[in-house]
1. Where q = 0.05, 0.06, 0.07, 0.08 Å⁻¹, what log10 of I(q)/I(0) comes from the Debye formula for the protein assembly as shown, counting one point per Cα?
2. For labels at A:Arg166 and A:Ala421 in the simple 7 Å Cα→Cβ model, what's the distance in nm?
3. Any idea how far apart A:Ser55 and A:Tyr189 come out in nm if each label point goes 7 Å out from Cα toward Cβ?
4. Lysine pairs, Cα distance under 20 Å, 8 or more residues apart or cross-chain: how many in chain A?
5. Using amide H atoms built in the peptide plane, which far-off residues or other-chain residues are under 5 Å from A:Thr206 H to H?
6. Tell me, what is the Rg over Rh of the range A:70-187, with Rh the Kirkwood radius over Cα pairs?
7. Shape verdict for the range A:163-294, please, from the Cα gyration tensor: rounded (a/c under 1.5), prolate (a/b greater than b/c) or oblate.
8. How large is the dipole of the protein assembly as shown about the Cα centre if only Lys and Arg carry +1 and Asp and Glu carry -1, each at its Cβ, rounded to the nearest 20 debye?
Amino acid sequence: MRPAQQPVRRALAFLAVLSTALLTPAHLSAQAGTGARAVTATAGRDVRAWDAQISRMVRDGQLRSRGEQADLILEGRSHERLDQFHQGVRVFGGELVRQADGGQTVSVFGSVYTGIRIDTDPALSPQDAATIVAALAGAAIGPDLAPELVVLPRDEGGYALTYRLRVLTAEDLAVFFVDAGTGELVLRYSDLQTTIGTGQGVHNDTKKMSTTVRNGTYMAIDGMRPPAIYTYDLKGNLARTQAYLNGLLTLNDTDVAADADNQWSDTAAVDAHAYAGWTYDYLYKRFNRQGLDNRNLTMTSIVHPVRREDWASVPSSVLNLYYLNAFYAGRGIMVYGEGLPPGVTKGGREWNYFSGAIDVVAHELAHGVTDYTSDLIYRNESGALNEAFSDIIGTSVEYFFQQAGSGYLKADYLLGEDLSAPSGAFRSMANPQAYGDPDHYSKRYTGTADNGGVHDNSGIANHAFYLAIEGGVNRTSGLAVQGVGAANREKIEKVFYRGFTQFLPANATFSMARAATLQAARDLYGAGSDVERAVEQAWTAVGVS
Amino acid sequence: MFTLAVASEAAPALARPPGQQAVRPQPPPAPKTATQPDGKAVAVPPQTGGGKPAGTQAGKPAPGRPQAPTGAKAPPPKKPVPPRTSKVWKGRGFAAVSAGAQLAAPGYTSTAVFKVHAEDATLNADASIGIGPAFGARGGVRVWKNLAVGAGLEFTSTDQTLDVTGRLPHPFQFNQYREVDGTASGLDRAETLVAFEVSWYAALARRVDMFVFAGPAYINVRQDMATRIQFTESYPYDTAAFTGVETAPVSGGGIGVTAGVDVSYLVTKQFGIGGGVRYSYASATLKPSAQPADVGLGGLQVAFGARILF
């Protein structure tokens, strides 16, 4: 060997060592945000490096094994979970999972947090923290529910020494983190595992379903919107339905509509659940309203209150209430009729699940809004205005989410047209007389039936709403209205919402409704605006002065 | 990455004992010319020492021709400077180690499709590669004149920065997307280059030499690639905020080319130092998810190191 070859060897050996030293750390993990290191070691060198790192961290007390479990599928494999600790306090979310095969590490996954420099001596006791959380949650906390002292990696970076406690509240399964020094709330999140599934609606349209996973089952509990939205499947148990509506029992998880794979096929439950959420969205986006009571009241939908196949044997009152109807039962509870079996007709039409029409769902929920605002008395003119407001909201929600047109799943001024086959409707806002309802105050029903004709006389206000948007000529008065146009429907919706919910008293009259909506138009768009003019012309055209 | 190679001054010179000046080969004398009355230049045969010019007497200068004074020495013939390429490399080979930096590298774009709220979300990443350390070794043996063949091995470790745009489905409605964008940095990338290289040696000065090299190369890369967008959202979910990306380590490689030049200064007969640049390029198709991405590998590197001649 020439003398020169010895330095070559030394240089190459040095290079190998240097390269390994500099390049190996880059292979271990990816930085997953400030202070967080995501670990996905599956290849030989990475696994060996992390194996050694875990040994060092265990020796230093930075990792503690939570235990090792045998693999139930692959024989010989085992899985060990190791929690990260900082000065004896668990780091929330810091965890490594090591898979071994016959003692040989196969993979390491997890995340570890770096750069933790906080003091782990809490000023508050666990009892202090539990008291604070109880106050925050509005729930009593028993002595067995002890807060855990943890180091919390903060979303905005850095760490906080906190007490962690999971509490079941009336609306949520919430996890609280309170500062172990000051008692301030650092983080709260819902531990309800929400997810988005899909389902087929009554008209075989695919919708998204906001659901919650409990014990491996997907449940129709919407945890993504501010209020809890439940859809219960009463499985045709009318007695249970009535007992619940009368407050004689509370429903539980077994009553919640459920699905095994989050691909929902119960069309009644899908539409009830989705449309309830859409209605909440409309109220929020259009009026900045937070649910029925503006305080995110829980919204509860009841589907399958009776069994379809029993339709022929039930009293007509049950048929009319629980089969061919939908109603708002107060306290945020809606009940949707079961419809009739295929091939069975009433009034010459087949009737599907009553949750299958978005305007019907929104109509019932709007009764809840009225309950918490003007609380219009459900008889005579105030009752007609109550119904009209629900029709207005129902139609507005339909236009908010569907394309204008005719037929199923299209937005129009018909009410309930998606419920029957062939498509029909209960009422028309564009032409109330087509369904036997008055389009002019002079034609109002003045008898006592239907609480003084609340479902008939609503046509007067409905038609005023229609004319204010679309314009046109009232068939009775012959008066023309210059509407704001379909593109500006939002303005008229806001005017009627403001007038009906903010200004009307419980015993309001049509005349009051005119004055209230004109005031709303002036408030929102100014005196003399085209909106005020349209509203004024519309009420005049329907004979309300 | 780039490695340096230094050829010793002794090795390429003609064989000589250590310490002795190299003897440069003398070029043959240029043919003399004379100008004829018609102005044409014709070749004049060189005079021999004993011959007389025709038409002249012995000892007397021929009329009309200048002569050097008697007794004066004729100036020594000017020593011609040989072209540097004429310097013949007589060494057996070279080896070199280097450390430096990768200054520029080709970026790439990648796409990922992933599920969000029961719908397909998309991620588009425009990656730029940062500056990172580079280490390597080269070696070769002379096969013909100044030509050597050999191999190179290089490692680079760099960070990637991703300009990310994405479309995230709305949780409650189909076909309603939220556009997000942001930057993710600190993604790892490491490359290993193995090259077959042909090198040409040239002497630039007494102790300064140069290798120009090129050849096919295989470049392997192991890098993080973005697979999902991390984001936050809150009711009514009409917007979403980009917070980062989820990544997956991906490996691959491709055959390409490498070329470079290095210049060295010889400190001793066998050891020198030097620096130079190398450019390499290959491409690989990496598949961090169902969507493959064509990724350019290599780049421009500068490095300094030691070289050894043998």
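1. Scattering profile of the protein assembly as shown, log10 relative to I(0): -0.51, -0.64, -0.77, -0.89.
2. Output for this residue pair reads 4.5 nm.
3. 3.5
4. Pairs that pass both the separation and distance tests number 6.
5. Residues meeting the criterion, in which the H sits 1.01 Å from N, are A:Gly201.
6. My calculation of the ratio gives 1.09.
7. prolate
8. Approximately 8140 debye in magnitude.
All of the numbers you see were taken from the coordinates with simple rules; none came from a lab. The model shown is predicted, which means the values in this text are computed figures rather than measured ones. Here Cβ is always computed from backbone atoms with ideal geometry, including for glycine, and neighbour counts include all displayed protein chains.
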